[in-house]
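The values are calculated or read from the model by the stated rules, or taken from the named source; none is laboratory data. Bear in mind that the values here come from a model prediction, so they are computed numbers and not experimental data. Methodologically, a virtual Cβ is constructed for each residue, glycine included, from the backbone with ideal geometry; neighbour enumeration extends over all protein chains shown. All accessible areas refer to the heavy atoms of the entire protein, side chains included, with ligands and DNA or RNA removed. Shrake-Rupley method; radii C 1.70, N 1.55, O 1.52, S 1.80 Å.
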Amino acid sequence: MTKKALVKANPKNPVQVEKMRVACKAAADLLDYLTDFIKPGVSTEKLDQLAAEWIAERGFIAAPLNYHGFPKSICTSINEVVCHGIPNEKDVLKDGDIINVDVTVIVNGWHGDHSRMFTIGNVSKEDRELIDVAYNAMMEGIEQVKSGAYVSDIGAAIYNYASSLGYGVVENYCGHGIGQVFHENPQILNHDPKDPHQDCRLRKGMTFTVEPMINIGTADNYTLEDNWTVVTRDGKKSAQFEHTIVVTDDGYEILTVSEKNYLKPPYNKK
Ligand code: MF3
Ligand code: CO
Ligand code: CO
C-alpha cells in the first residue's frame, strides 16, 4: 500500500555512513565506559564530568554542551524525568532509582546519539517492566525499517506495542535525522499522526534515531523552570532508549552498538 509522504531527507553515501559508524561507536563506547560509575552515591554532575573528560581526551565534542543553551555535556533523566535532565551535584543516585543517560558525541563533524536506561541497586518489578517495555518499543520501531517503508510505520509500531500494554507513549518529543547536523529531517515520531506532511519514505543511507519515551502513567508532561527538564504530569516514572541507525536495502543497521554487548540492565551481570 502506497502512502503519501511529503518530508524529504537526504541519504548519506557509503563514505558518510562510515563516518556515522565511527561517531556512533564512540557514543556506545562512552556509555560502556560510564556504566561502571552509575551506582548508588554518584551524582549526575560526576557522570557529566567523567563524560566530558572521556570526550575531550579523544578530541571529540559533546554535542549537547551549549546546544540551544544546554549547560552540560550529557543528559541524565532520573525516575519521573522524561528527557533532557541536567546533570547537577544535588542529584545523587540512590537505591531504587532508574536513570536514562543520553550521550551525543561529535567525531570529525559527525554525530552519534545514544541512550540507555540504568537501574540503581534494587529496582521494583514495575520499574524493571517499564524499562523492558521502553527497550522493546524502540526495537519494535527499528524492526519496521527498510528501504521503501515509511517513518510512520516506526511510530505506529512503537505506539501500538506500548499503549496496548497500558503505557503512556510521549508524543511531544521524537527521534530525528542525524549526520553533520544534530537534529535534521525527518522527525521520527513515536506515534502515527496519519499526516503525509509529517511522513517520509525511507531510503537506503538515511541515518536517524529511534528514541521512544514510555511512561507508566499518563503520556502528559511539562518542562520545569530550568527550561530543559521534562517531567511526567502525574509524577510516575518514565523510561527511554535511543539508537542511531542507518537504512539498508533489506532493513537497518544499528550504528550505536556496544562492544560489551550492553543492551538493557542489569549490565555487567551475565
Ligand atoms: N540527545 C538528545 C536527543 O536524543 C538531545 C539532547 S539536546 C540537549 O536528541 F540540548 F538537551 F542536550
Ligand atoms: Co540522545
Ligand atoms: Co536523539
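For segment 231-255, how many residues are open to solvent by less than 20 Å² (accessible area, probe 1.4 Å), among the aliphatic types (A, V, I, L, M) and closer than 15 Å to Met138 by Cα?
4
At pLDDT 95 or above and either within 30 Å of Lys125 (Cα to Cα) or within 16 Å of ligand 1 (Cβ to nearest atom) (or both) - does that describe any residue in segment 193-206?
There is no residue in segment 193-206 that is at pLDDT 95 or above and either within 30 Å of Lys125 (Cα to Cα) or within 16 Å of ligand 1 (Cβ to nearest atom) (or both).
When the residues of segment 47-64 are filtered to those that are in a loop (DSSP other than H, G, I, E, B) and in contact (Cβ under 8 Å) with a residue 24 or more places away in the chain, which remaining residue is surrounded by the fewest Cβ atoms within 10 Å (Cβ to Cβ)?
The extreme case among them is Arg58.
Which members of segment 90-104 meet the condition of being open to solvent by less than 10 Å² (accessible area, probe 1.4 Å) and more than 13 Å from ligand 2 (Cβ to nearest atom)?
Leu93, Asp97, Ile98, Ile99
So that you can scan it fast, the table gives a plain yes or no per residue for (1) in a strand (DSSP E or B); (2) buried (at least 22 other Cβ atoms within 10 Å of the Cβ):
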position: Ser73; (1), (2): no, yes
position: Asn88; (1), (2): no, no
position: Ile106; (1), (2): yes, no
position: Arg128; (1), (2): no, no
position: Ser147; (1), (2): no, no
position: Asn160; (1), (2): no, no
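If the requirement is being farther than 27 Å from Thr35 by Cβ, part of a loop (DSSP other than H, G, I, E, B) and either out of contact with any Phe, Trp or Tyr (no Cβ under 9 Å at 6 or more places or on another chain) or open to solvent by less than 10 Å² (accessible area, probe 1.4 Å) (or both), which of these qualifies: Gly166, Gly155?
Gly166
Can you name every residue in segment 34-46 that is part of a helix (DSSP H, G or I) and farther than 13 Å from Phe118 by Cα?
Glu45, Lys46
Among the residues of segment 211-270 satisfying the criterion of being closer than 26 Å to Val22 by Cβ and of a type in the set (Val, Ile, Thr), which is nearest to ligand 1 (Cβ to nearest atom)?
Going through the qualifying residues, I end up with Thr244.
Filter segment 25-72 for residues that are of a type in the set (Gly, Ala, Ser) and under 21 Å from Ile245 (Cα atoms) and give the result.
Scanning segment 25-72 gives Ala26, Ala27, Ala28, Ala62, Ala63.
List every residue pair whose Cβ atoms sit under 7 Å apart, with the two residues 6 or more apart in sequence or on different chains, where the first one lies in segment 22-37 and is crowded, with 23+ Cβ neighbours inside 10 Å and the second, anywhere, is in a helix (DSSP H, G or I) and of a type in the set (Phe, Trp, Tyr).
Listed by first residue and then by second, the contacts come to Leu30/Trp54.
Answer yes if at least one residue in segment 173-190 is more than 16 Å from ligand 3 (Cβ to nearest atom), at pLDDT 95 or above and assigned to a loop (DSSP other than H, G, I, E, B), and no otherwise.
No - not one qualifying residue is present in segment 173-190.
Counting only residues that are open to solvent by 40 Å² or more (accessible area, probe 1.4 Å) and assigned to a helix (DSSP H, G or I), which one in segment 133-145 is nearest to Glu253 (Cα to Cα)?
The qualifying residue nearest to Glu253 (Cα to Cα) is Glu140.
Do you know which of the residues in segment 108-124 that are within 19 Å of Val181 (Cβ to Cβ) and part of a strand (DSSP E or B) is farthest from ligand 2 (Cβ to nearest atom)?
Trp110
Within segment 199-230, how many residues are more than 16 Å from ligand 3 (Cβ to nearest atom), closer than 22 Å to Ile98 by Cα, open to solvent by 10 Å² or more (accessible area, probe 1.4 Å) and touching a Phe, Trp or Tyr at 6+ places or on another chain (Cβ under 8 Å)?
So the answer is 1.
Suppose the filter is assigned to a strand (DSSP E or B), within 16 Å of ligand 1 (Cβ to nearest atom) and open to solvent by less than 30 Å² (accessible area, probe 1.4 Å); does Ser77 pass it?
Judged against the criteria, Ser77 is a match.
Is it the case that some residue within segment 76-91 is more than 16 Å from ligand 3 (Cβ to nearest atom) and either under 19 Å from Cys174 (Cβ atoms) or hydroxyl-bearing (Ser, Thr, Tyr) (or both)?
No, segment 76-91 has no match at all.
Among the candidates Tyr267, Tyr262, single out the residue that is of a type outside the set (Gly, Ala, Ser), part of a loop (DSSP other than H, G, I, E, B) and in contact with a Phe, Trp or Tyr (Cβ under 8 Å, 6 or more places away or on another chain).
Testing whether each residue is of a type outside the set (Gly, Ala, Ser), part of a loop (DSSP other than H, G, I, E, B) and in contact with a Phe, Trp or Tyr (Cβ under 8 Å, 6 or more places away or on another chain) leaves just Tyr267.
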